[in-house]
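Remarks on the structure that follows.
The values are calculated or read from the model by the stated rules, or taken from the named source; none is laboratory data. This one's a predicted model, so the numbers in the text were calculated from it and none came from an experiment. Please note: Cβ atoms are built from the backbone with ideal geometry, for glycine as well, and neighbour counts cover all protein chains shown.
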Amino acid sequence: MTDTQSKPLIDVRIIPPAERHPKIFGMLNALAPGGSMLITSDHDPRPLHYQLQANYPGIFDWDYLEQGPDVWRVEIARMKSDGCDCCCGSDH
């Protein structure tokens, strides 16, 4: 079981729908390799999972912590090695 108390959390139930994905992707892009965040939703965030797989293949891991019917909780982790060949982690 992961320690969820120290991870960034976004509760999309209190965020207007048009702002949800941009806010989530902003938080995900800020995660360091090996870091993770939690999402709480009132519906299955499967479309977000598909969007992550399509736009960031192999970079994020998805784990359902709770699957409805009223609350869904997901932990999304940035892989420790995300295949980035740019300046990520380099010192130049």
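Brief remarks on what is shown
- Cross-chain or 6+ apart pairs with Cβ under 8 Å, region 14-37 first and farther than 14 Å from K80 by Cα, then part of a helix (DSSP H, G or I) and charged (D, E, K, R): I15/K23
- Residues that are over 19 Å from Y64 (Cβ atoms) and surrounded by fewer than 11 Cβ atoms within 10 Å (Cβ to Cβ) were ranked within region 1-18; the one that is modelled with the lowest pLDDT is S6.
- Residue check, Q53 over 10 Å from the mean Cα position of the chain (by Cα), surrounded by 13 or more Cβ atoms within 10 Å (Cβ to Cβ) and either under 18 Å from K80 (Cα atoms) or modelled with pLDDT of 95 or more (or both): yes
- Region 56-76 - residue that is within 9 Å of the chain's Cα centre (by Cα) and not charged (D, E, K, R) and, of those, surrounded by the fewest Cβ atoms within 10 Å (Cβ to Cβ): W62
- Scan of region 22-44 for residues that are outside any strand (DSSP E or B) and small (G, A, S), ordered by number: G26, A30, A32, G34, G35
- Selection within region 29-50 - farther than 17 Å from L9 by Cβ and surrounded by 15 or more Cβ atoms within 10 Å (Cβ to Cβ): H49
- Filtering P57, P47 for residues that are free of Cβ contacts under 8 Å to residues at least 40 places away in the same chain, assigned to a loop (DSSP other than H, G, I, E, B) and not hydrophobic (A, V, I, L, M, F, W, C) leaves a single hit, P57.
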